[in-house]
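Novice: One structure follows; several queries about it will come next.
The values are calculated or read from the model by the stated rules, or taken from the named source; none is laboratory data. Note that the coordinates shown come from a computational prediction; the quantities given were computed from them, not determined experimentally. Here Cβ is always computed from backbone atoms with ideal geometry, including for glycine, and neighbour counts include all displayed protein chains.
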Amino acid sequence: MKSPIFYFVISTLAWSFASAQEKNGKENTNQANNSSKYEAVVRIENSSLNPDYRSPWNTGRDSGGNGTGWLVGENKFLTNAHVVSNSRIIYIKKVGDAKPYRAKIVHIAHDCDLAMLELEDPSAFEGVTPFDIGKLPQLDTTVKVIGYPIGGERISITSGVVSRIDFLSYSHTSVDLHLTIQIDAAINPGNSGGPVIQNGKVVGVAFQGYSGNIAQNTGYMIPTPVIRRFLKDVEDGKYDHYVDLSMSDFPLLNPAQRKALGLANDGIGIMVAAAEEDGSAGGILKTGDVLLAIDGRPVKSNGLINYEGEDVNMNEIVERKFAGDVIKLKIWRQNKSIDTKVTLKRFLPYLIAAKKYDEKPRYIMFAGLAFQPLDRNLMAAHGMKNLQVRYHFDSYVSADIYKDRPEVIVLTSILPDSINSYFSNFKHSIVDEVNGVKVKTLKDVHNALARDNGDYIIISLLGNGRPIVIERSKVEAAQKRIQEKYNVIKDHYLGD
């Protein structure tokens, strides 16, 4: 006869096992349903090669990371540009599938931190329904952030409330400002590129947050107007970038100042501080003009306009336009109202201050002297402290330096050799002329150095009375010696 205690234990274990199986079955069913619900979300793994601006002849530094993306159309995956920047190899992983699928970048927009990918073999996503794109979410509504934060292999879902809609800087380039939505949910590494969902539709793309103790549970997403603009831009097979009015402004809040300008104290109008001559508004807007309206929408004295029921930065009107589009302006000049039009275009000189990606550094290495065009990447890599270099960088647009020097060429480093002895004090100087040829681009330096028109090569530097003088007959041997010693495979790269 079996012991009652033993029987009770066996019965209890059997019941527990059966209950556990039933529970696991339900959990597996729920997990399968959830996986199906989010199967349009993908994990993106990127192996990248970061350029070396200190030694531009080197291949660069290997690195990698992961982010999130989502299916936006047939074999079209959307993510952040910073997730796949400087890419060499990209893999996509499907929810619940450990197999990596090779992908490629179809379009990348660094100015709004978005990128579109395609799979080389899209068969794994046949039957997967892409996410629909929703409307701009309202303040104080809840959204869900989906992604693979901090390197996780399984999707994470967090909730947050829309706490602010503003026109803010995108950290990817550090110079571009666009419409941005703040939510009270942390955006961690790995979340980037993931969809932000409301009512089953994508209302944003997670893209940046604060690090350290600056702010807690604060993240930002790229809203639907920016997403839709990117998708519209690439419909013709190429990305044409954002356009700009290329003007700076000054708020008109002081009643006495408004009276002096002949304006009513009605809170409408913002003063034009400057309009770049080569920009969209060049030759149309003048310093001292008052911008009253854009495309029929009044511009408030603090630079805001009412758009779709919300007060937003006036540049939001321009944000949604494309190269070649025309906008109508109403301005106040010399005590009268004037109607005019502006055809929108890019203003490339602004890009000197932008972080650059997916570009190989351009350079010339001649007799151990390295020449490179000035930009933000170069400033950061070399820690430029030369006051003249800093002035040219900071004032490149405001002081119209770009007109005289489309590229500011800097002697960034010197590879020590007998041919360049005692030249170290010239490092981090701006090149003005080479053998009497005014230097406006890196190509000017290359062409001037290649000319065989004398026994000496004379390089004049801004702010330095003494030029660099190199004996031409010694250059060939020195060049070979230096390239071998410092492993410089190619002595120049001027761009594609």
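Novice: Quick check on residue 451: is it of a type outside the set (A, V, I, L, M), touching a strand residue (DSSP E or B) at 6+ places or on another chain (Cβ under 9 Å) and more than 30 Å from residue 387 (Cβ to Cβ)?
Specialist: Criteria met by residue 451.
Novice: Another question, if that's okay. Whether any residue in the range 67-79 is in contact with a Ser or Thr (Cβ under 7 Å, 6 or more places away or on another chain) and more than 18 Å from residue 195 (Cα to Cα) is what I want to check.
Specialist: Within the range 67-79 (the criterion being in contact with a Ser or Thr (Cβ under 7 Å, 6 or more places away or on another chain) and more than 18 Å from residue 195 (Cα to Cα)), the answer is no, since none of the residues qualifies.
Novice: Here's something else I'd like to know. For the range 285-302, give me each residue that is surrounded by fewer than 19 Cβ atoms within 10 Å (Cβ to Cβ), not in a strand (DSSP E or B) and not polar (S, T, N, Q).
Specialist: Those that are surrounded by fewer than 19 Cβ atoms within 10 Å (Cβ to Cβ), not in a strand (DSSP E or B) and not polar (S, T, N, Q): 286, 288, 295, 296.
Novice: Does residue 118 fit the bill of being farther than 17 Å from residue 78 by Cα and either assigned by TED's automatic domain parsing to the domain that holds residue 77 or among the hydroxyl-bearing types (Ser, Thr, Tyr) (or both)?
Specialist: no
Novice: Of the residues 474, 443, 480, only one is within 36 Å of the chain's Cα centre (by Cα), over 18 Å from residue 427 (Cβ atoms) and not polar (S, T, N, Q); which?
Specialist: 443
Novice: Taking the condition of being over 14 Å from residue 413 (Cα atoms) and free of Cβ contacts under 8 Å to residues at least 60 places away in the same chain, how many residues in the range 357-379 meet it?
Specialist: The qualifying residues number 1.
Novice: Which of the residues belonging to the range 322-344 are in contact (Cβ under 8 Å) with a residue 60 or more places away in the chain and either surrounded by fewer than 19 Cβ atoms within 10 Å (Cβ to Cβ) or over 27 Å from the mean Cα position of the chain (by Cα) (or both)?
Specialist: 322, 323, 325, 332, 335, 343
Novice: In the range 303-321, how many residues are surrounded by 14 or more Cβ atoms within 10 Å (Cβ to Cβ) and in contact (Cβ under 8 Å) with a residue 12 or more places away in the chain?
Specialist: So the answer is 13.
Novice: Collect the residues in the range 129-143 that are surrounded by 12 or more Cβ atoms within 10 Å (Cβ to Cβ) and under 12 Å from residue 38 (Cα atoms), keeping them in residue-number order.
Specialist: Those that are surrounded by 12 or more Cβ atoms within 10 Å (Cβ to Cβ) and under 12 Å from residue 38 (Cα atoms): 130, 131.
One line per residue, one yes/no per condition, for (1) under 19 Å from residue 317 (Cα atoms); (2) surrounded by fewer than 19 Cβ atoms within 10 Å (Cβ to Cβ); (3) in the same structural domain as residue 326 (by TED's automatic domain parsing); (4) without any contact (Cβ under 8 Å) to a residue 24 or more places away in the chain:
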{"residue": "228", "(1), (2), (3), (4)": "yes, yes, no, no"}
{"residue": "252", "(1), (2), (3), (4)": "no, no, yes, no"}
{"residue": "255", "(1), (2), (3), (4)": "no, yes, yes, yes"}
{"residue": "264", "(1), (2), (3), (4)": "no, yes, yes, yes"}
{"residue": "269", "(1), (2), (3), (4)": "yes, no, yes, no"}
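Novice: Which residues, taken from the range 160-173, are touching an Asp or Glu at 6+ places or on another chain (Cβ under 9 Å) and either within 13 Å of residue 197 (Cβ to Cβ) or outside any loop (DSSP other than H, G, I, E, B) (or both)?
Specialist: 160, 161, 162, 163, 165, 167, 169 - these are the residues of the range 160-173 that are touching an Asp or Glu at 6+ places or on another chain (Cβ under 9 Å) and either within 13 Å of residue 197 (Cβ to Cβ) or outside any loop (DSSP other than H, G, I, E, B) (or both).
Novice: Could you list, in sequence order, all residues of the range 87-99 that are closer than 25 Å to residue 357 by Cα, surrounded by fewer than 20 Cβ atoms within 10 Å (Cβ to Cβ) and either at pLDDT below 95 or not β-branched (Val, Ile, Thr) (or both)?
Specialist: Matches in the range 87-99: 88, 91, 93.
Novice: Shifting gears a bit: Of all residues in the range 399-423, which are under 35 Å from the mean Cα position of the chain (by Cα) and without any contact (Cβ under 8 Å) to a residue 12 or more places away in the chain?
Specialist: 399, 401
Novice: Which one of the conditions (1) under 24 Å from the mean Cα position of the chain (by Cα); (2) assigned by TED's automatic domain parsing to the domain that holds residue 80 does residue 278 fail to meet, given that it meets all the rest?
Specialist: (2)
Novice: Quick one: which residue in 240, 278, 236 is surrounded by 15 or more Cβ atoms within 10 Å (Cβ to Cβ) and at pLDDT below 95?
Specialist: Testing whether each residue is surrounded by 15 or more Cβ atoms within 10 Å (Cβ to Cβ) and at pLDDT below 95 leaves just 278.
Novice: Suppose we filter the range 398-449 for residues that are aliphatic (A, V, I, L, M), modelled with pLDDT of 95 or more and not in a helix (DSSP H, G or I); how many remain?
Specialist: Qualifying residue count, the range 398-449: 10.
Novice: Name the single residue, out of those in the range 73-127 being assigned to a loop (DSSP other than H, G, I, E, B), of a type in the set (D, E, K, R) and over 21 Å from the mean Cα position of the chain (by Cα), that is nearest to residue 203 (Cα to Cα).
Specialist: Filtering the range 73-127 for residues that are assigned to a loop (DSSP other than H, G, I, E, B), of a type in the set (D, E, K, R) and over 21 Å from the mean Cα position of the chain (by Cα), the one nearest to residue 203 (Cα to Cα) comes out as 74.
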